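Asks: Can you keep this structure in mind? I'll have questions shortly.
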Amino acid sequence: GTMRLSLHPIPGTSINPLAITSDRKADPPLLESSSFSAHLRILPLLKGEIAVASLVAHHPTLNLHRYADGHTNLPDLSKPADGSAGSASPSTKSGGQVSLSKLRIEGGTLRLVDEMVLPGKTVTTSLENVDIALDGYAPGRPFALKLETVLPPKGSGFLQMSGTLALPPDGGGKAAGETNLEVQLKKFQPSAFSPYFQSLLGFTPPAGSASGALHARAWLGSSPHGRWELEKDGSVAETLELRGVALRAACGA
């Protein structure tokens, strides 16, 4: 499409439209958007850091793919530019971090093709009319997040989530702050996400729908293998309305 560059007040570019290919030739484009703009801060680049002042995308489509070995089609930003591992000098090992002051996604589509959640099967999940606002993201720091999306099956319900998210480090350790999220659901059908219920929770969800609100607070941590854990006591307050749900009684000898 058409690219425009600007230098004032912050260097940036806008592209209308934009397409970014995947590293894997068989995959569809990683990202397509009717319009896209990005602005970078100059001074952090001198320290080897990428500080994004803003990213704005209108009607983007993000095609994510998680392969059976756990890898994804997302680029690995932690690797040195030459692709070698462990080649960074001591003076540059602390660099290479990516921070994002402002992210806005409007009217997006998220499509996830997952070959790992159920071994031997490929599961495709799509979210449409996705709006995302993210502020103040940097590794090891809490950041603000707001998300709204229509839920599958298409047009059946919606999800709204807002609050502060503090992610634990990938290599193990405690998050730098508390995660505090409010979630609203309308006509959420758990059966549409059955593979993830089976993989993560060990059961198949019932048919029917759920509506309600949830407020969760927790301190997160991670094991050296990347598994998320609760580090401190948390709290969950919720209101829930179930429709057309049939719960099975537990059977025992």
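Asks: Below 15 angstrom from the Cβ of Ser209, what's the summed charge of the other residues (Lys, Arg +1; Asp, Glu -1)? Walk me through the numbers on the way to the answer.
Replies: On the way: positive: Lys154, Lys186, Lys187, Arg243; negative: Glu241.
Spelling it out: positives minus negatives among the neighbours equals +3.
Asks: Which FRET efficiency, nearest 0.05, do Leu40 and Leu112 yield, Cβ-Cβ r, R0 35 Å?
Replies: Details: r = 28 Å, r/R0 = 0.81.
That gives a FRET efficiency of 0.80.
Asks: Among Leu165, Leu242, Leu31, which one shows the highest mean-square fluctuation when the chain is modelled as a Gaussian network with alpha-carbon springs under 10 Å?
Replies: With Cα springs under 10 Å in the chain, the top fluctuation among Leu165, Leu242, Leu31 is at Leu242.
Asks: Would you kindly calculate the translational diffusion coefficient of segment 103-253, applying Stokes-Einstein with the Kirkwood radius from alpha carbon pairs, for 4 °C and a viscosity of 1.567 mPa s, and quote it in µm² s⁻¹ without decimals? Kindly include the intermediate steps, with their values, before the conclusion.
Replies: Working: Rh = 17.3 Å.
Using the Kirkwood radius from Cα pairs, D works out to 75 µm²/s.
Asks: Follow-up question, since we're still on this one. Taking the alpha-carbon set of the chain, what are its Rg and Dmax in Å?
Replies: Spelled out, the Cα radius of gyration and Dmax of the chain are 20.5, 74 Å.
Asks: Separate question: Quick one: 3J(HN,Hα) in Hz for segment 105-113, Karplus 6.51/-1.76/1.60 with θ = phi - 60°, rounded, Gly and Pro as x.
Replies: So the J values, rounded to whole Hz, are 10, 10, x, x, 10, 10, 10, 10, 9.
Asks: Taking only C-alpha pairs under 8 Å that are 6+ residues apart, what is the relative contact order of segment 141-225 in percent? All intermediate terms of the calculation are to be shown ahead of the outcome.
Replies: Working: 197 pairs, mean separation 26.8, N = 85.
Relative contact order for segment 141-225 comes out at 32 percent.
Asks: Counting every Cα pair in segment 124-176, what percent are over 15 Å apart?
Replies: Within segment 124-176, distances greater than 15 Å cover 57 percent of Cα pairs.
Asks: Binned at 5 Å from 0, what are the whole-percent values of the Cα-Cα distance distribution for segment 160-220, short to long?
Replies: Calculated over all Cα pairs of segment 160-220, the distribution is 4, 16, 15, 16, 23, 16, 8, 2 percent.
Asks: Per 10 Å bin, what percent of the C-alpha pairs of segment 14-56 does each bin hold, from zero upward?
Replies: Result, from short to long distances: 26, 33, 34, 6 percent.
Asks: Report relative contact order for segment 144-186 in percent, whole number only (criteria: Cα-Cα under 8 Å, sequence separation at least 6).
Replies: Working: 73 pairs, mean separation 15.7, N = 43.
Worked out over segment 144-186, it gives 36 percent.
Asks: Using 0.36 nm per residue, how much length does the chain from Val245 to Ala176 gain when fully extended, once their Cα-Cα distance is taken away? Don't skip to the end; give the middle numbers.
Replies: Numbers: separation 69, 0.36 × 69 = 24.84 nm, distance 3.88 nm.
Length gained, Val245 through Ala176: 21.0 nm.
Asks: If you add up the charges near Tyr196, with Lys and Arg at +1 and Asp and Glu at -1, over every other residue whose beta carbon is less than 14 angstrom from its beta carbon, what do you get?
Replies: Values: positive: Arg66, Lys121; negative: Asp114, Glu115.
Residues near Tyr196 contribute 0 overall.
Asks: Using the Cβ atoms and a cut-off under 11 Å, what net charge is assigned to the surroundings of Gly163, where Lys and Arg are +1 and Asp and Glu are -1? If you can, show how the numbers build up before the last one.
Replies: Working: positive: Lys146, Arg217; negative: Glu178, Glu182.
Here the count lands on 0.
Asks: Averaging sequence separations of C-alpha pairs under 8 Å and six or more residues apart, then dividing by the length of the chain, give the relative contact order as a whole percent. Write down the numbers at each step before the final one.
Replies: Details: 629 pairs, mean separation 27.3, N = 253.
Reported as a whole number, the value is 11 percent.
Asks: Determine the alpha carbon to alpha carbon distance for each of Lys121/Lys154; Lys187/Lys232; Lys146/Lys174; Lys25/Lys186; Lys121/Lys146 and list only those over 29 Å.
Replies: Values: Lys121/Lys154 22 Å; Lys187/Lys232 32 Å; Lys146/Lys174 23 Å; Lys25/Lys186 38 Å; Lys121/Lys146 32 Å.
From the list (Lys121/Lys154; Lys187/Lys232; Lys146/Lys174; Lys25/Lys186; Lys121/Lys146), the Cα-Cα distance tops 29 Å for Lys187/Lys232; Lys25/Lys186; Lys121/Lys146.
Asks: Can you give the calculated 222 nm mean residue ellipticity of the chain, where each DSSP H run of n ≥ 4 adds -39,500 (n - 2.57) and the sum is split over every residue, rounded to the nearest 500 deg cm²/dmol? All intermediate terms of the calculation are to be shown ahead of the outcome.
Replies: On the way: 1 runs with 8 residues, N = 253.
Calculated at 222 nm, the ellipticity per residue is -1000 deg cm²/dmol.
Asks: Tally the DSSP beta bridges in the chain and give the antiparallel ones as a percent, rounded to 5. Numbers along the way, then the final one.
Replies: Working: 77 of 90 bridges.
The antiparallel fraction comes to roughly 85 percent.
Asks: Express the accessible area of the chain per residue in Å², computed with a 1.4 Å probe while the remaining protein chains stay in the model. Walk me through the numbers before you get to the answer.
Replies: Values: 16150 Å² over 253 residues.
Per-residue value: 64 Å².
The values are calculated or read from the model by the stated rules, or taken from the named source; none is laboratory data. What you see is a predicted model, and the numbers here were worked out from it, not measured in a lab. Cβ sites come from the backbone with ideal geometry, for glycine too, and all protein chains shown count toward neighbours. Surface accessibility is based on the protein's heavy atoms, side chains included, excluding ligands, DNA and RNA. Shrake-Rupley method; radii C 1.70, N 1.55, O 1.52, S 1.80 Å.
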